[in-house]
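**Student:** One structure coming up, written as structure tokens, with questions to follow.
The values are calculated or read from the model by the stated rules, or taken from the named source; none is laboratory data. It should be emphasised that the depicted structure is a prediction, and the values quoted were computed from it without experimental measurement. Virtual Cβ from ideal backbone geometry, glycine too; neighbours counted across all protein chains shown. Areas reflect the complete protein model, heavy atoms only, side chains present, ligands, DNA and RNA absent. Shrake-Rupley method; radii C 1.70, N 1.55, O 1.52, S 1.80 Å.
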Amino acid sequence: MKKEAGLSNFQYVGCGDNAIVVRYSESQAIRFRAPEVEGRANTKVVLEAPFISPVWKEVQFLGGRINFVPFHRSLNSEIILGKINRKAGEQCIHALMRAAFQNKPPMWFYDYYNYDFKFEQVALLKDSTPVIIDQGGIILEKDAPNEYSERISSEKKGVLTADLEVDLPWDGKWNDDTGKLKIDQLERPPVDILEIAAPQL
């Protein structure tokens, strides 16, 4: 990172089963993603949608991936700090699940729950618009293993028919008043980072 992008100071943000995230500026971060794991739903694909935080650049490195991504405030942190109540957090996740199923092509936000809601999978934009930040937590619905068909059907029926009232300043949209995607208006990394190639060893 120092040689190729001039980056040498990082703040640890967090990690999951397949990635480590560090922050290198107020609004930018890097996600180091491990190689694809056989049998795991999504440890490789990068998906794009209005409700998914963008990956500005992905670089292959030693079999893994280096993702340059925006840095957002975490829904999980907002709940822990008491800035957002838990019910609003759950409604954010349900709204994202609904948006994923209604997307073309349909997506499945499958990794939102494991004993308890995984609020760390979601972040909030400045106007409190929720976005999915864990690329490994969502897949195309058609790519879901057959054994999950009943679960998908149940979850889809639940979120598509639910009366969602998210108690946030969010207007319920992923586009602004002019029709532009909110995620497209996020601050981007410097041009030299967007032009970075795979490090030469």
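**Student:** Could you check segment 111-161 and list, in sequence order, the residues that are more than 17 Å from the chain's Cα centre (by Cα), in contact (Cβ under 8 Å) with a residue 60 or more places away in the chain and in a loop (DSSP other than H, G, I, E, B)?
**Tutor:** Passing the criteria: ALA144, PRO145.
**Student:** Looking at ASP171, ASP167, ASP192, can you tell me which residue is more than 13 Å from TYR110 (Cβ to Cβ) and either without any contact (Cβ under 8 Å) to a residue 60 or more places away in the chain or open to solvent by less than 50 Å² (accessible area, probe 1.4 Å) (or both)? Talk me through it step by step, then tell me what you get.
**Tutor:** Values: ASP167 fails: either without any contact (Cβ under 8 Å) to a residue 60 or more places away in the chain or open to solvent by less than 50 Å² (accessible area, probe 1.4 Å) (or both); ASP192 fails: either without any contact (Cβ under 8 Å) to a residue 60 or more places away in the chain or open to solvent by less than 50 Å² (accessible area, probe 1.4 Å) (or both).
Exactly one of ASP171, ASP167, ASP192 is more than 13 Å from TYR110 (Cβ to Cβ) and either without any contact (Cβ under 8 Å) to a residue 60 or more places away in the chain or open to solvent by less than 50 Å² (accessible area, probe 1.4 Å) (or both), namely ASP171.
**Student:** Go through segment 82-110 and count every residue that is hydrophobic (A, V, I, L, M, F, W, C) and either open to solvent by 50 Å² or more (accessible area, probe 1.4 Å) or not in a helix (DSSP H, G or I) (or both). Break it down stepwise before answering.
**Tutor:** Quick first cut of segment 82-110, residues hydrophobic (A, V, I, L, M, F, W, C) only: 84, 88, 92-93, 95-97, 99-101, 107-109.
From the residues that got through so far, the ones that are either open to solvent by 50 Å² or more (accessible area, probe 1.4 Å) or not in a helix (DSSP H, G or I) (or both) too are 84, 107-109.
Residues that pass the stated criteria total 4.
**Student:** Related question: Restricting attention to segment 129-147, does a residue exist that is on the phi > 0 side of the Ramachandran plot and surrounded by fewer than 20 Cβ atoms within 10 Å (Cβ to Cβ)? Walk me through it before giving the result.
**Tutor:** From segment 129-147, those on the phi > 0 side of the Ramachandran plot are none; that's our starting set.
No, there is no match, as no residue in segment 129-147 is on the phi > 0 side of the Ramachandran plot and surrounded by fewer than 20 Cβ atoms within 10 Å (Cβ to Cβ).
**Student:** Next up: Among what's in segment 1-38 and is open to solvent by 80 Å² or more (accessible area, probe 1.4 Å) and outside any strand (DSSP E or B), pick the residue that is modelled with the lowest pLDDT. Full working, then the answer.
**Tutor:** So the first thing to find is which residues in segment 1-38 are open to solvent by 80 Å² or more (accessible area, probe 1.4 Å), and the list is 2-3, 9-12, 15, 17, 20, 26, 36, 38.
Checking which are outside any strand (DSSP E or B) leaves us with 2-3, 9-10, 17, 26, 36, 38.
Details: LYS2: 83, LYS3: 81, ASN9: 92, PHE10: 95, ASP17: 77, GLU26: 92, GLU36: 76, GLU38: 72.
This residue is GLU38.
**Student:** Which residue pairs have Cβ atoms under 9 Å apart, sit 6 or more places apart or on different chains, and have a first residue in segment 52-81 that is farther than 19 Å from GLU187 by Cα and open to solvent by 20 Å² or more (accessible area, probe 1.4 Å) and a second that is basic (Lys, Arg) and modelled with pLDDT of 90 or more?
**Tutor:** ASN76/LYS118; SER77/LYS83; ILE79/ARG86
**Student:** Let me ask you something else. Could you figure out which of (1) touching a Gly at 6+ places or on another chain (Cβ under 6 Å); (2) closer than 20 Å to VAL22 by Cβ isn't true of ARG65?
**Tutor:** (1)
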